[in-house]
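Taking it in order: structure first as C-alpha cells, then the write-up.
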Amino acid sequence: MVKLRILLFSANPEGTDVLRLDEELRAITQKVRAADYGNLVEIIVASAVRPDDLFQALNQYRPHVVQFSGHGNCGSEILVCDESGRPRPVSKEGLVALFDSVRDNVQVVVLNCCYSRAQAEAIVSVVPCAVGMGGRIGDHAALVFAAAFYRAIGFGRSVADAFRQGIAALEVENIPEGDVPQLLVREGVDPTRIVLVNPEPSAVQASAYRPWQKKRLGLYLAIVTICLVIMFLILAQQKAADPLAARRDEFAFDTYRTLFDQGDAAMSSLNASYDRIEKTLYENYGLGAHEADALKQDMEGSVRQLEEFSEEVKRLGNDEQVAAVHNIRECVMSDYSRLYRYASLAREASEMAGGLVQHKGAKGKAFKAHVEGYEKKLDELIEEENELFFFVTQYNQPVLDRLQQLFNMQFRNSLGLGSNDAIRKALAELPEVAGRRRTFKYEKKEHPYVVAETRRFLSANVAITDHTDFLKEKNEYLKQGLMLKYIASALGDDGKS
C-alpha cells in the first residue's frame with residue numbers, strides 16, 4: 001500500500017523572532033503516530049531550508065502534503081534562509097510556480113506562518129487545497145492547529161474535517177487565533193471528499209478485534225473503571241478529613257485573583273500608551289525628536305510592567321495564561337521596536353538639522369552633501385512613521401484589546417467563574433476585531449506607501465490602485481513639513497545657546 005507522504009519544511013532565519021519549530025514538528029509526529037492509520041503515514045522533515053532545498057525535497061520525496069512552518073510578512077512572502085542563514089523572501093508568484101511544477105502529486109499545502117492567506121489563495125490555482133493564515137498567528141496557536149490537523153488526517157478524516165478539528169483545538173484551549181487559519185480550495189473541489197489516508201479493506205479487517213479479544217477488552221475496562229471510582233472516593237474522603245484543604249483552595253483563589261488584578265493593571269497601562277501614541281500621531285503632522293522620545297519613554301514603563309507580569313504568570317499561572325501573555329508580549333514588543341527605531345531616526349534627523357543651521361557657506365559641495373543626507377534621513381523617518389501608525393491603529397491595538405478580554409476570560413475559568421460558548425462568540429465578533437483585520441488586502445506594489453484610513457498621510461504595505469501620483473505628493477508634503485519642523489527646532493536651540 002502506498003503511504004501518505006507529508007513533507008514538513010521549516011525555517012527560522014537569523015534576525016527573526018525565535019520560533020519553537022522543533023516542538024511543532026515533534027507534536028505533529030506524536031499525534032500522527034498515535035492515530036489509527038499512523039503506520040500508513042510517512043513524515044519527512046526539512047529544516048533551515050534554502051530556496052534550492054524546496055525543489056530538491058519536492059522532487060526527491062514526491063509528497064502528497066506539504067507544510068511550511070516559519071515566518072511570513074505583509075508583502076505576501078515567506079522567509080527561508082540564504083547561504084549565510086539570513087532571511088531570504090520567496091514571493092507569492094514564486095510559490096505558485098514551485099507547486100505548479102509538482103501538481104501531479106501534491107494535494108494539500110499548509111502555510112503555517114503569519115500573513116499567508118494571499119499565498120494560499122494563489123496556490124489553489126494549481127493544487128486542490130491550501131491552508132493560509134489571515135493575519136498574525138502566535139507560536140503556540142500554530143503548534144496546536146497543526147498537531148490537531150494532522151492527527152485527524154491520520155485517523156482517516158477528510159481535509160475539511162481535519163481543518164475543522166484544528167480550529168476546534170484552538171477554541172477548546174481558549175487560544176484567540178481561532179479565526180486566523182483559513183482553508184482555500186480550487187474551484188470545483190469538495191474538501192469533504194478528499195480523504196488522504198484511506199486503508200484497504202484488508203488492512204481494516206486485519207486490525208479488527210476478534211470476538212474473544214472484545215470480551216477481554218470489556219473486562220479490562222470494567223476493572224479500570226472500578227479502580228478509578230474507588231480512588232476518587234478515597235481522595236474525596238481524605239480531602240473532607242483534611243482541615244487544611246479549604247485553606248489551600250482559598251490560597252489558590254487569592255493567588256489567581258492577585259494575578260488577575262496585576263494583569264488588568266498591565267493591560268490598562270499598555271492601552272493607555274497605545275492611546276497616547278495614536279493621539280500624538282493624529283495631532284502632529286510628523287513628530288519631532290522630543291515628541292518621539294517622550295512616547296518611547298512612556299511605552300518603556302508599560303513594557304517593564306508587562307515583563308514583570310509575564311514573569312509572575314510563568315511562576316504562578318497555567319499554560320493557557322502563559323500562552324496568552326506570550327501573544328500579548330509579541331504584539332507589544334513588535335510595536336515598541338518600531339517606536340524605538342523611529343525615536344532614533346528622529347534624533348539623528350534633529351542632529352543633522354542642527355548641523356545645517358551651523359554650517360557656513362550654503363553653496364559648497366559639503367553643504368550640498370549634508371542637505372542630501374538630511375533629505376535621505378527624512379525619507380527613512382517618513383517610512384518608519386507610516387509603518388508605526390499603520391500597525392498601531394489598524395492591527396495590534398484591536399488584537400491587544402481582544403487578547404486582554406480572552407485573557408480575563410481564562411482567569412474567570414481559574415477562579416471557578418466559568419465561561420460559555422456565547423461569551424467566546426461575543427468576543428470573536430467584537431466590531432473592532434471582526435472586520436478590521438481583513439480591512440486591507442496585502443500586496444507588493446511599486447510604491448511602498450498608501451493612504452491610511454482616517455488619516456491625512458500615508459501607511460506602509462497596504463495595496464490601493466491608481467493613486468501613485470497622489471501618494472507621492474502626500475509623502476513629499478510630509479517631508480517638507482518635517483524638514484521645516486526640524487530646522488525651526490534647531491534654530492530655536494541655537495538661539496538659546
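Every number in this text was worked out from the coordinates using simple rules, so none of it is lab data. For clarity, every value in this text was computed on a predicted model and none was experimentally measured. As a convention, Cβ positions derive from the backbone with ideal geometry for all residues, glycine included, and neighbour counts pool all protein chains shown.
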Percentage relative contact order, the stretch 4-202, counting C-alpha pairs under 8 Å, at least six apart = 22
Calculate the length of the line joining the C-alpha centroid of the stretch 1-66 to that of the stretch 334-356, in whole Å.
-> 43
Most exposed first, judged by fewest Cβ atoms within 10 angstrom, Met133, Met483 run Met483, Met133
Long-range alpha-carbon pairs in the stretch 122-163, meaning those over 13 Å apart, account in percent for 62
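Normalise the Cα radius of gyration of the stretch 4-202 by 2.2 N^0.38 Å (N = residues in it) and let me know the number. Each step should come with its number before you reach the end.
Details: Rg = 15.4 Å, N = 199, 2.2 N^0.38 = 16.4 Å.
Its radius of gyration relative to the 2.2 N^0.38 Å reference: 0.94.
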Karplus ³J(HN,Hα) for the stretch 53-62 (6.51 cos²θ - 1.76 cosθ + 1.60, θ = phi - 60°; Hz, whole; x = Gly/Pro) runs 5, 4, 5, 4, 5, 5, 6, 6, 9, 6
Proxy exposure order for Ser69, Ser302, Ser268 (fewest C-beta within 10 Å first) is Ser268, Ser302, Ser69
Given Lys3/Lys31; Lys365/Lys485; Lys92/Lys376, which pairs have Cα atoms separated by over 20 Å?
-> Lys365/Lys485; Lys92/Lys376
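When a footprinting reagent is the concern and you count Cβ atoms within 10 Å, what order do Ser125, Ser310 take, fewest first?
Working: Ser125 14, Ser310 18.
Ascending Cβ contact count within 10 Å gives the list Ser125, Ser310.
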